[in-house]
Amino acid sequence: MGIRIRPSLLAVGTAIAVAVGIIAVSPATSAAAPEKKAPNISTSTSAARGAAEQKAVENYWTPERMKAAKPVELADPSQKKRLMAPTPVAEEQAVPQSKVDGAAGDLSVPSPLAGNSTADPVARPYTSLPNRLNGKVFFRMNGWDYVCSGTLVNSANKDMVDTAGHCVSTGSGGWVTKWAFVPAYSSSYWGEAPYGVWPSRELTTRSEWFYNGNLKQDLGYGVLATRNGVHAVNWLGGQGTLWNYGRSQYVYEFGYPAADQRLNVSWTSGSDDPNWGRPGPGTLRINSPQTPGTSGGGWLAYLGWDGVGYVNSHSSYRYESGPKANAWHLYGPYYGNELASLFGYAQTL
């Protein structure tokens, strides 16, 4: 199952959150909630911080709506010619190679799901590690219900889901709405949400994605609301996160390209994809046939025998036309300084 790294949790300071690059964040709609302030942060009104708003999002995602949600198409760079025009950008500040270790969670604690009196849900196919840390991301965008993939990750706030920037924002200055994460989503036969529907209280992405649709910074986090006071990672666990590690890694790729999740094991490529004239590190490539719906699905390096490892990228785009078109080539952002900045900020929310 790959290389296992002995746990040694590394703290990620708030300084990383605010000192590196440009971040966009979607605040809560509640007017009474205090607004977060940080350098170079753009805000919009889409996430739900208040209890009533969060309950409305949870109730919105019925099993019928989840089944009917459209898979988000993997982005196609051949259709993004506007990214070719270079613009002046501030130089990105370098941060050290580092990692945050994962957490196994504790299902022995009372379930935070309303109406569930048992200690944990009925066993289903995706309730073991690492499967229960993968899930579907649901949201509304441009009047339609959509679905992506995401990975629950360990962090200071114990509430973060790693996903693609295009699963939290339109990439042209807009946010999605009614965002929620369903860990261990299964087919209708087994039950759609064995661990419940978890609405976000904040959404955050890099401004390079939010305003310019820059696929090199197609990074996003959903920051979950608690359920009955329980943080998702404390209950279910969370994968670790790496940044500024080697570009060639043996990874386990998770995602939901259809009704249920698929697993693909592959090497990431060390070669950069084209520059596009926008800032950020060259992206990574793996051999994978995964299809729409897998956007945001985590690529895990060093997955241990206990099922806990490190997210090192996620599914972002595929060339559908032109000389680079290849149904087996799937690309994801490199987790470098930009990811470190975004992670550091998101865990303070």
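Do the conditions hold for Val95, that is, is it of a type in the set (A, V, I, L, M), assigned to a loop (DSSP other than H, G, I, E, B) and at pLDDT 50 or above? Spell out the reasoning first.
On the way: of a type in the set (A, V, I, L, M): yes; assigned to a loop (DSSP other than H, G, I, E, B): yes; at pLDDT 50 or above: yes.
Considered against the rule, which asks whether it is of a type in the set (A, V, I, L, M), assigned to a loop (DSSP other than H, G, I, E, B) and at pLDDT 50 or above, Val95 comes out as yes.
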### Query
For the range 122-181, how many residues meet the condition of being under 17 Å from Leu219 (Cβ atoms), free of Cβ contacts under 8 Å to residues at least 60 places away in the same chain and of a type outside the set (Gly, Ala, Ser)?
3
#### Entry: Residue within the range 184-193 that is of a type in the set (A, V, I, L, M, F, W, C) and part of a strand (DSSP E or B) present
no
## Note on the structure
Subset of the range 302-323, residues under 15 Å from Gln249 (Cβ atoms) and either surrounded by fewer than 24 Cβ atoms within 10 Å (Cβ to Cβ) or in contact with a Pro (Cβ under 8 Å, 6 or more places away or on another chain) (or both), comes to Tyr302, Leu303, Gly304, Gly309, Ser313, His314
### Message
Yes or no: the range 171-182 includes at least one residue that is of a type in the set (A, V, I, L, M, F, W, C), farther than 21 Å from Ala56 by Cα and at pLDDT 90 or above.
### Response
no
### Query
From the set of residues in the range 152-164 that are buried (at least 24 other Cβ atoms within 10 Å of the Cβ) and in contact with a His (Cβ under 7 Å, 6 or more places away or on another chain), which is farthest from Trp299 (Cα to Cα)?
Asp159
### Query
In this structure, is Val137 assigned to a strand (DSSP E or B) and modelled with pLDDT of 90 or more?
yes
### Message
For the range 287-325: of the residues being outside any strand (DSSP E or B) and among the polar types (S, T, N, Q), which is farthest from Lys99 (Cα to Cα)?
### Response
Ser321
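The values are calculated or read from the model by the stated rules, or taken from the named source; none is laboratory data. Predicted, not measured: the structure shown is a model, and the values here were computed from it. Here the Cβ is made from the backbone with ideal geometry for all residues, glycine too, and neighbour counts use every protein chain on show.
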